[in-house]
1. Rounded to the nearest 0.05, what FRET efficiency do A:Asp176 and B:Lys309 give with R0 = 60 Å and r taken as the Cβ-Cβ distance? Could you check?
2. Which whole-Hz ³J(HN,Hα) couplings does segment A:11-17 yield from phi under the Karplus relation 6.51 cos²θ - 1.76 cosθ + 1.60, θ = phi - 60°, glycine and proline marked x?
3. How high is the FRET efficiency from B:His293 to B:Lys237, r the C-beta distance, R0 25 Å, rounded to 0.05?
4. To the nearest 10 degrees, how steeply does helix A:178-189 sit against the main Cα axis of chain A, on a 0 to 90 scale?
5. If each DSSP helix of 4+ residues adds -39,500 (n - 2.57) and the sum is divided by the residues in chain A, what number results at 222 nm, nearest 500 deg cm²/dmol?
6. Pull out the extension gain between A:Tyr142 and A:Ser215, defined as 0.36 nm times the separation in residues minus the alpha carbon to alpha carbon distance; nm, one decimal.
7. If the cut-off is a Cα-Cα distance under 26 Å, which lysines reach B:Lys139, setting aside same-chain residues fewer than 8 apart in sequence?
8. Could you give the alpha-carbon Rg of segment B:45-87 over 2.2 N^0.38 Å, rounded to two decimals?
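Just so it is clear, none of the values below were taken in a lab; they were calculated from the coordinates. Just so it is clear, the model here is predicted, and its values are computed rather than measured. Note that each Cβ is placed from the backbone with ideal geometry, even for glycine, and that neighbours are counted across all protein chains shown.
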Amino acid sequence: MIVANRKPLAEIREMVENCDKILILGCKGCVTVCNVGGAREVSILASILRIARKKEGRLLHVDEMTIERQCDPEYIEQVKDRVGQYDAVVSMACGVGPQFLSEAYPAQRFFPAVNTTFFGGAIQHGVWAERCAGCGTCIIHYFDGMCPIARCSKSLLHGPCGGSANGKCEISKEVDCIWDKIVRKKMEEGHLKDLLDPKPPKDWRTARDGGPRKSVREELVQ
Amino acid sequence: MSELKSGSNLEKVLKAGHFAFTGECGPPKGANVEHLREKLSHLKGKVDAVNITDNQTAVVRMSSWAACAILIQEGLEPNFQMVCRDRNRLAIQSDILGAYALGVRNMLCLSGDHQTFGNHPQAKNVYDIDSMQLISLVKKMRDEQKFMNDEEIDVAPKLFIGAASNPFAEPFEFRVYRLAMKIDSGADFIQTQCIYNMQRFRGFMKRAVDMGLHERCYILAGITPMKSVGMAQYMAKAVPGMDVPESLIKRLRGAGKGKVAEEGIKFAVEQIQELKEMEGVAGVHLMAIEWEHRVPEIAERAGMLPRPKV
Ligand code: SF4
Ligand code: SF4
């Protein structure tokens, strides 16, 4: 899923500084799963903003709503009657949400309340970790299902580099060296030879480097 | 290894069977050419080639190829270091051509320290290709006269290709295989990470020799003299993939006030003498970090002078 973090409160407050009436719009997709932009977080942010404004002696009217998905025109339809009434709509979805909303309702201002970070999952309660960088050409079958593009700090295809120590990456003791894991697994299995074949330089055109991407499924296009 | 690949002094020295001795110099943090020339003056005639580092530890410095060109003016032979951190394949290939055009004949292919270590941690990291692929690329440019995309090169760069090896990084058992991969990819010579744990290095070399790697490539052992107890402790703790045995720190500490640097040099000299006798070791790469003026003394005491004329 897409993982995100809520923006610092000060930043959100600054965005809505000149507003008197806002809608905080949550999403039931990935951001609900990573506890950052679902109905619960919408309600928490709404209360915090109301209270903060009240302290200043200026009231902020905050409405709350959470829709199925903000990355889908079908669900975005649901807010049709609401937009236009607000000084701003604060989206708690990933970066896709406020953009789809802006495209659908150009007259309404939309603000992002979260920083979208990576594709990953929860590795323990409350901790999410990156697993994929969306490079567009998956090669993890060569590495026992571990992705060196997203999980090696240098995206090496022939690792580990000389900085690998105690299973950790040279950049931080908090970061696992994925190459250490790949090599150990291959050695354990007796498949070290798999790693000794040189891999060609990656064709980054399928990644973001090739420009903004689009997927067209002919059979579905009407 | 029949005819010369690049014709560099380093290649000739190694090919003639001499025990090679290379040095290192970091370009200035600025355009202070005088300071660079001063540092280089200590190395002239004392080493077979001088590695010029490429934004080492991800700190911005004068570009490696430009410092190489100054070094050539000074009558020394550079070993142009290039990291994959800062350049994509376009910049890599054009810098290789540019460096060659300026007279560079040796090149060391590296991944490079991650930019979080340096003074611009906010930088975007490139890593378009990795060090293994860089080695193959330089080889392709030299031997096939082709760019990565197979287009013909009009006057191909003929470089003596170097690569690094860290016998002390983990997983240890894999390190000799990684060395073999670099040789398979086209490395003509290897310069290792600084060695402090000689026993472990001996074990590594034994495996390399058992695999016949020393016959396919020249292996130069890396030496960095310790200047102080603080430096030894820092390297032991803070530098990933560095093995500094406690016994060495103890030895340095035991030297007493004002005598630690001398003890560090003494240890380095002993190491060089031991390495000269070690099977499979073709030379020493002396990385005297900001200590270029001590290189002549170390070279002399280790019996590395005079350098062969080939
Ligand atoms: S190889 Fe590419 S697509 Fe596959 S997991 Fe890694 S970044 Fe994602
Ligand atoms: S230490 Fe491991 S994860 Fe970190 S850059 Fe090196 S190979 Fe990649």
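1. Values: r = 51 Å, r/R0 = 0.84.
That gives a FRET efficiency of 0.75.
2. Working through the residues one at a time gives 5, 5, 4, 5, 4, 9, 3 Hz.
3. On the way: r = 27 Å, r/R0 = 1.10.
My answer for the efficiency is 0.35.
4. The angle comes out near 40 degrees.
5. Details: 8 runs with 62 residues, N = 222.
Result for chain A: -7500 deg cm²/dmol, rounded to the nearest 500.
6. Details: separation 73, 0.36 × 73 = 26.28 nm, distance 2.49 nm.
Stretched out fully, the A:Tyr142 to A:Ser215 stretch lengthens by 23.8 nm.
7. A:Lys154, A:Lys193, A:Lys199, A:Lys202, B:Lys5, B:Lys12, B:Lys15, B:Lys158, B:Lys182
8. Values: Rg = 10.8 Å, N = 43, 2.2 N^0.38 = 9.2 Å.
With N residues counted in segment B:45-87, Rg over 2.2 N^0.38 Å equals 1.18.
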